[in-house]
Structure formats: structure tokens, C-alpha cells
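Input: a single structure, listed below in C-alpha cells.
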Amino acid sequence: MPRVRFPDKAEALFNEFSPYIDYTDIECPFKPGTPESIKAKKDEWQRIVKPLYKEAKELSSCP
């Protein structure tokens, strides 16, 4: 899979919500007490990066 370069906005969003991620709990990715505004930033980040991942995956599957 080729390397994916995220837009600056996606990187800024990731930097805002990543301190709240609980990497030990797969069911609930956020630490207890995480504000809804932070969760919304993760949702926005996903809307930006999912198409980029999909495009990279399609490119990597080309013959």
C-alpha cells in the first residue's frame, strides 16, 4: 500500500483527539470523560481520511 499523505486539516484534527484515545480498550476507543467535541473531531477526521485510504488501496491493487 502506498504511503498516504494527509491534508493539514486531518493532521490537526488527529493531533487534537489522539491524546484522548485509549489504546488498551478496543470497544471504546476514548478515555473516560472525553468531551463530545473531541469525539466529533475524530468523526470529522475519519470523513477526510477514509476516501484517501480507499484510493491508496485501489492504487496498490493495480497490476
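The values are calculated or read from the model by the stated rules, or taken from the named source; none is laboratory data. Quick caveat: nothing in here was measured; it's all calculated off a predicted structure. Cβ atoms come from the backbone with ideal geometry, glycine included; neighbour counts cover every protein chain shown. These accessible areas exclude ligands, DNA and RNA; they are computed on the full protein's heavy atoms, side chains included. Shrake-Rupley method; radii C 1.70, N 1.55, O 1.52, S 1.80 Å.
One table, with the values for the structure above:
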| read-out | value |
| --- | --- |
| Selection count where residues are under 17 Å from Arg3 (Cβ atoms) and in contact (Cβ under 8 Å) with a residue 12 or more places away in the chain, scope segment 32-61 | 8 |
| Residues being in a helix (DSSP H, G or I) and either open to solvent by 90 Å² or more (accessible area, probe 1.4 Å) or of a type in the set (D, E, K, R) (or both) - total across segment 43-63 | 10 |
| Criterion violated by Pro2 - all others in (1) out of contact with any helix residue (DSSP H, G or I) (no Cβ under 6 Å at 6 or more places or on another chain); (2) exposed (fewer than 11 other Cβ atoms within 10 Å of the Cβ); (3) at pLDDT below 90 satisfied | (1) |
| Residues that are open to solvent by 90 Å² or more (accessible area, probe 1.4 Å) and assigned to a helix (DSSP H, G or I), drawn from segment 5-38 | Asp8, Lys9, Asn15, Glu36 |
